[in-house]
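Worksheet: one structure, shown below.
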Amino acid sequence: MNAGRLPLAWGATPEDLARPYPADTALDGPVLALTRAIAVDAPQELTWRWLCQIAVAPYSYDWIDNLGRQSPRTLTPGADRLRVGQTMAVVFELVSFDEPHQWTAVTGRRGRSLFGAVAMTFAAEPVGTTGSASRIVCRLAVTRGGPVAWTRARLLAWGDLVMMRRQLLNLKGLAERDARQ
């Protein structure tokens, strides 16, 4: 597991870092684990809906990840009806999901050519007993075997930290906005 410092972790609690996620075992060989997390003042079910929106748009820096088009600011009807094999975050293919808890995807052919073998789990986890708060935890597992893969994994950790931080802040803001309405 990672040591809980940048660029391997951002916003993650010791429990987030220690907890196993499906991405951890989705790839063959040694992996570098990256964990990003954020508290959300919205119920788990609403946070889950916003995590499913990643099938529609990336929600990070749209001028980079979405060819300048703004990611939708309202929930897309049916985006939460996930199916194995569908595209998530532009370059990932969904391999499993447990509604309304988590979904896991691995890089498809295009994604592997850009980033190498990467698995990603997005989890919407309830917080407290009132049902009004949740957390988003994202675990990325990046292949790190061999010198080229090791270097790629380290570079990806820094780039992902910048992009994922923006993505989590955007999803948090949208879920919290909807929870207030």
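The values are calculated or read from the model by the stated rules, or taken from the named source; none is laboratory data. Note that the structure is a prediction, hence the values are computed from the model and not measured. Cβ: placed from backbone, ideal geometry, glycine included. Neighbour counts: every protein chain shown.
Applying the criterion of being modelled with pLDDT of 90 or more and over 24 Å from Arg180 (Cβ atoms) to the residues of segment 110-137, the residue that is surrounded by the most Cβ atoms within 10 Å (Cβ to Cβ) is Met120.
Scanning segment 115-142 for residues that are β-branched (Val, Ile, Thr) and more than 16 Å from Pro22 (Cβ to Cβ) yields Val127, Thr129, Thr130. Out of curiosity, is Arg49 under 16 Å from Ala26 (Cα atoms) and modelled with pLDDT of 95 or more? No: the conditions fail for Arg49. Please work out if Ala89 is closer than 27 Å to Leu155 by Cα, among the small types (Gly, Ala, Ser), at pLDDT below 95 and within 15 Å of the chain's Cα centre (by Cα). When the stated conditions are applied, Ala89 passes them. Of the residues in segment 63-81, none is aromatic (Phe, Trp, Tyr) and either farther than 30 Å from Gln181 by Cα or under 17 Å from the mean Cα position of the chain (by Cα) (or both). Given the residues Ala23, Ala55, which is the only one that is crowded, with 21+ Cβ neighbours inside 10 Å and in contact (Cβ under 8 Å) with a residue 60 or more places away in the chain? Just one listed residue meets the conditions, Ala23.
If you take the residues in segment 100-109 that are under 15 Å from the mean Cα position of the chain (by Cα) and of a type outside the set (Ser, Thr, Tyr), which one is surrounded by the most Cβ atoms within 10 Å (Cβ to Cβ)? Before the answer, list the steps.
Step one: of segment 100-109, the residues under 15 Å from the mean Cα position of the chain (by Cα) are 100-107.
Filter once more, keeping what is of a type outside the set (Ser, Thr, Tyr): 100-103, 105-106.
Working: Pro100: 20, His101: 15, Gln102: 21, Trp103: 28, Ala105: 30, Val106: 21.
So the residue we want is Ala105.
Residues are listed down the side, and each one gets a yes or a no for (1) hydrophobic (A, V, I, L, M, F, W, C); (2) without any contact (Cβ under 8 Å) to a residue 40 or more places away in the chain:
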site: Phe97; (1), (2): yes, yes
site: Pro100; (1), (2): no, no
site: Ile136; (1), (2): yes, no
site: Arg144; (1), (2): no, no
site: Leu156; (1), (2): yes, no
site: Arg165; (1), (2): no, no
